[in-house]
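> What follows is a single structure, and I will ask about it in a moment.
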Amino acid sequence: MFKKIAFVFFSGVFCALAQNNTSYWQQHVDYKMDVDIDVEKFQYEGTQELIYTNNSPDTLYQVFYHLYFNAFRPGSEMDVRSSNLPDPDPRVGNRISKLTPEEIGYLNVTSLSQNDKTVTYDTEGTVLEVRLNQPLLPGEKTTFSMNFNGQVPVQIRRSGRNSKEGIALSMTQWYPKIAEYDFEGWHTNPYISREFHGVWGNFDVTLTLDSSYIIGGTGYLKNPQEIGYGYEKPGTKVKKKGKKLSWHFVAPNVHDFAWSADPEYIHDVVNVPNGPTLHFLYKNKVDIIDNWKDLQPKAVELMNYFSEKIGKYPYDQYSILQGGDGGMEYAMCTLITGERNFNSLVGVTAHEMAHSWFQHILATNETKHEWMDEGFTTYISTLAMNEVMKQNNPNSLRGVYKAYYQLAISGIEQPQTTQADRYAHNTAYGASAYSKGAVFLSQLGYIIGEENLAKTIKRYFNDWKFKHPTPNDFKRVAEKVSGIQLDWYLIDWTQTTNTIDYAIKTVEEENSATQITLERIGLIPMPIDVYVEYKDSTVESFYVPLRMMRGQKENPIPSMKRTVLADWSWTNPTYMFKISKPKSEIKSIKIDITKFMADINPSNDFYTD
């Protein structure tokens, strides 16, 4: 933070100096929803009362809602986009275009009022445009009352009914969700199958459906005795099919609400020492039960790993639900496909659980900064898998780097500032968000030191939990922790497709000394670690700080002698330094033996006698 920090509280929102150099603010919502589900027709009707608090400095004359299920209709923006991509997601492909009226998804708002007065609104695809009957002034609250109905689509992407694994209802992005308004304005992106951005708030949700179904998801179940099913006594059989029961959930301080339901769910509960409680809901199929039982102690280890490395998980509950079409994170839960081998089951759990921190506690705008959520998650979950699964890999991120290298030379890379839906290729989006995003964090450890990276992650969590951090916010935390300037790194890595390529250009002997010339070939400048091994088997390092850093990292190998050389200005394509030993005594010279600097051409990184 800056030298002076002001703490201001209004409408329950913490304000601090932040990303746009003004007082940080964020909107707040309180949802109350009552929904009745027909499990035979896969249709539902609901009411929603939404108390919206305008913590912005602006007067609002309109609001917007997301109606995600409208994407699953022939001719939708998701359908058209998928049909025009050279490499569409195979889960989507052209499947939406073939849906019948009984198979499509839809979400209709049938009435909407503001403070008991009707408002006018229009539905444009997956976005509801609402004109307020009364402007909402800064600091004021207003109440929206809504009636809505929907149809659950055939399982295609994230949400749906009757998945390939037989899960009846995967209910994600299922309700009218008010759009985020922040320092950049309204975020009203249509749903094209990518990522999300939501308003922090509280949810009070009652779901009424056939009594044979078991539900898991976001929030705490408040009425287990009323429905005859206790989360305290997992596996208790509910009442016979035909009668409806209402499940009442409350979720405090989240920005989404998801759930799944199936009449054949097995429900197991495991208590993590010092919390939280883990819930596992999965299909009663003989061939997957053992894997799901074995997953449970691994999930405990994962929860402890992330809480230690990032920050304490702040809720009392987390649920791992079989459902969806792969793996997707939601508030206090995840939906994953469950018919996997054991390593894959643990791997998808690790990734989605890590999203509880990097997205559902540190709530970046995924549509704009998808690499912050997917990349950071990939980084920490890869390290977690290496420990929890005892892989004993000295560089477990090697595969992540390899995927980035393939992207960098593919010819289809776009800058990471590309909006998530605007990538011309799905493969470019995936490698950029997941792999290049993970390399950003790993390589930051190369720049500022691994110890400072670990401190940065923890401070980032403490400073920005339950908020909407931006790339600059993360960069500023890293700068404060390390004392190193990092604007150059954030710009070059995320806003360009420039690459790193350093070479040992020449090694020449001069008056019983050795002169080494390094060359920067790629456009991204970096600090350089050079390791010299002598023929007597001793090794020492030479560190060349980048001048723009205005600082330097600690010796990454304290047991090894290190010489800190003069700074290298990025404008100079070459850099020369001398070793006070003749060339004949040198066995090899290598740039970055750790391989944490993402140099796309390792063939010119070394010299051997």
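> Search the stretch 24-51 for residues being open to solvent by 30 Å² or more (accessible area, probe 1.4 Å) and of a type in the set (Val, Ile, Thr), and hand back the single one that is farthest from Gly185 (Cα to Cα).
Among those that are open to solvent by 30 Å² or more (accessible area, probe 1.4 Å) and of a type in the set (Val, Ile, Thr), it is Thr47.
> Applying the selection to the stretch 500-515, what residues are β-branched (Val, Ile, Thr) and closer than 18 Å to Pro573 by Cβ?
Step one: of the stretch 500-515, the residues β-branched (Val, Ile, Thr) are 500, 504, 506-507, 514.
Within the stretch 500-515, Ile500, Ile504, Thr506, Val507 meet the criteria.
> For the stretch 11-24, indicate whether the set of residues that are small (Gly, Ala, Ser) and at pLDDT 95 or above is non-empty.
From the stretch 11-24, those small (Gly, Ala, Ser) are 11-12, 16, 18, 23; that's our starting set.
If we keep only those that are at pLDDT 95 or above as well, we get none.
No, that holds for no residue.
> Tell me which residues, restricted to the stretch 160-191, are hydroxyl-bearing (Ser, Thr, Tyr) and either outside any strand (DSSP E or B) or without any contact (Cβ under 8 Å) to a residue 12 or more places away in the chain (or both). Talk me through it step by step, then tell me what you get.
Step one: filter the stretch 160-191 for residues hydroxyl-bearing (Ser, Thr, Tyr), giving 163, 170, 172, 175, 181, 188, 191.
Listed by number, the residues that qualify are Ser163, Thr172, Tyr175, Thr188, Tyr191.
> Report, by residue number, each residue of the stretch 362-406 that is more than 20 Å from Ala299 (Cα to Cα), in a loop (DSSP other than H, G, I, E, B) and small (Gly, Ala, Ser).
Ala363
> Residue by residue through the stretch 281-293, note down the ones that are touching a Phe, Trp or Tyr at 6+ places or on another chain (Cβ under 6 Å) and surrounded by fewer than 24 Cβ atoms within 10 Å (Cβ to Cβ). Can you show your working first?
Of the stretch 281-293, the ones touching a Phe, Trp or Tyr at 6+ places or on another chain (Cβ under 6 Å) are 281-282, 291-292.
Residues satisfying the conditions are Asn291, Trp292.
> State the number of residues belonging to the stretch 511-527 that are surrounded by fewer than 21 Cβ atoms within 10 Å (Cβ to Cβ) and touching a Leu at 6+ places or on another chain (Cβ under 8 Å).
0
> Let me ask you something else. With the condition being farther than 21 Å from Gln443 by Cα and in contact (Cβ under 8 Å) with a residue 40 or more places away in the chain, I'd like the strands (runs of 3 or more DSSP E) fully within the stretch 516-600 carrying at least 3 qualifying residues. Walk me through it before giving the result.
Values: elements: 528-534, 539-544, 562-564, 574-579, 586-591.
Once the strands (runs of 3 or more DSSP E) in the stretch 516-600 are filtered for at least 3 residues that are farther than 21 Å from Gln443 by Cα and in contact (Cβ under 8 Å) with a residue 40 or more places away in the chain, what remains is 528-534, 574-579, 586-591.
> Would you check if Arg157 is within 23 Å of Val35 (Cβ to Cβ), within 28 Å of the chain's Cα centre (by Cα) and either outside any strand (DSSP E or B) or touching a residue at least 60 places away in the same chain (Cβ under 8 Å) (or both)? Working first, answer last.
Numbers: within 23 Å of Val35 (Cβ to Cβ): yes; within 28 Å of the chain's Cα centre (by Cα): yes; either outside any strand (DSSP E or B) or touching a residue at least 60 places away in the same chain (Cβ under 8 Å) (or both): yes.
Yes, satisfied.
Here's the yes/no breakdown for (1) open to solvent by 80 Å² or more (accessible area, probe 1.4 Å); (2) hydroxyl-bearing (Ser, Thr, Tyr); (3) closer than 17 Å to Val507 by Cβ:
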{"residue": "Glu540", "(1), (2), (3)": "no, no, yes"}
{"residue": "Pro545", "(1), (2), (3)": "no, no, no"}
{"residue": "Tyr575", "(1), (2), (3)": "no, yes, yes"}
{"residue": "Asn601", "(1), (2), (3)": "no, no, no"}
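> Still on this structure: Just need a number here: residues in the stretch 215-238 that are buried (at least 22 other Cβ atoms within 10 Å of the Cβ), at pLDDT 90 or above and over 28 Å from the mean Cα position of the chain (by Cα).
Total satisfying the criteria: 0.
> Which number in (1) within 30 Å of Asn426 (Cβ to Cβ); (2) crowded, with 18+ Cβ neighbours inside 10 Å; (3) among the hydroxyl-bearing types (Ser, Thr, Tyr) marks the one condition that Thr142 misses?
Exception for Thr142: condition (1).
> Looking only at the stretch 183-196, which residues are crowded, with 20+ Cβ neighbours inside 10 Å and modelled with pLDDT of 95 or more?
Correct list: Asn189, Tyr191, Ile192.
> I would also like to ask the following. Residue check: is Tyr460 of a type outside the set (Gly, Ala, Ser), crowded, with 22+ Cβ neighbours inside 10 Å and on the phi < 0 side of the Ramachandran plot? Let's see the steps before the verdict.
Numbers: of a type outside the set (Gly, Ala, Ser): yes; crowded, with 22+ Cβ neighbours inside 10 Å: yes; on the phi < 0 side of the Ramachandran plot: yes.
Taking the combined requirement at face value, the residue satisfies it.
> Follow-up. How many of the residues in the stretch 403-428 are open to solvent by 10 Å² or more (accessible area, probe 1.4 Å) and free of Cβ contacts under 8 Å to residues at least 24 places away in the same chain?
Result for the stretch 403-428: 5.
> Let me ask you something else. Would you check which residues across the stretch 447-456 are in a helix (DSSP H, G or I) and open to solvent by 10 Å² or more (accessible area, probe 1.4 Å) and list them? Before the answer, list the steps.
Narrowing the stretch 447-456 to residues in a helix (DSSP H, G or I): 447-448, 450-456.
The answer is Glu450, Glu451, Asn452, Ala454, Lys455.
> For the stretch 70-121, how many residues meet the condition of being closer than 29 Å to Thr53 by Cβ and open to solvent by 50 Å² or more (accessible area, probe 1.4 Å)? First the steps, then the outcome.
Here is the first cut: in the stretch 70-121, the residues closer than 29 Å to Thr53 by Cβ are 70-71, 107-121.
Then keep just the ones that are open to solvent by 50 Å² or more (accessible area, probe 1.4 Å); that gives 108, 110, 115-118, 120-121.
Selection size over the stretch 70-121: 8.
> Next up: Considering only residues of the stretch 329-361 that are aliphatic (A, V, I, L, M) and assigned to a strand (DSSP E or B), which is surrounded by the most Cβ atoms within 10 Å (Cβ to Cβ)?
Taking the stretch 329-361 first, the residues aliphatic (A, V, I, L, M) are 331-332, 335-336, 345-346, 348, 350, 353-354, 361.
Cutting the leftovers down to assigned to a strand (DSSP E or B) gives us 335-336.
Numbers: Leu335: 31, Ile336: 25.
Ranking the qualifying residues of the stretch 329-361, first place goes to Leu335.
> Within the stretch 278-328, count every residue that is assigned to a loop (DSSP other than H, G, I, E, B) and either over 15 Å from Tyr265 (Cα atoms) or touching a residue at least 40 places away in the same chain (Cβ under 8 Å) (or both).
So the first thing to find is which residues in the stretch 278-328 are assigned to a loop (DSSP other than H, G, I, E, B), and the list is 284-285, 310-316, 323-326.
Restricting the remaining residues to those that are either over 15 Å from Tyr265 (Cα atoms) or touching a residue at least 40 places away in the same chain (Cβ under 8 Å) (or both) gives 285, 310-316, 323-326.
Total meeting the criteria: 12.
> Oh, and also: Report yes if some residue within the stretch 123-132 is loosely packed, with under 15 Cβ neighbours inside 10 Å and either in contact with a Lys or Arg (Cβ under 9 Å, 6 or more places away or on another chain) or not in a strand (DSSP E or B) (or both); otherwise report no.
no
> Go through the stretch 248-275 and count every residue that is buried (at least 18 other Cβ atoms within 10 Å of the Cβ) and at pLDDT below 95.
Within the stretch 248-275, residues that are buried (at least 18 other Cβ atoms within 10 Å of the Cβ) and at pLDDT below 95 number 0.
The values are calculated or read from the model by the stated rules, or taken from the named source; none is laboratory data. All of these numbers come straight from a predicted model, not from anything done at the bench. Cβ coordinates were reconstructed from backbone atoms using ideal geometry, including for glycine residues, and neighbour counts include every protein chain displayed. Keep in mind that these areas ignore ligands, DNA and RNA; they rest on the heavy atoms of the full protein, side chains included. Shrake-Rupley method; radii C 1.70, N 1.55, O 1.52, S 1.80 Å.
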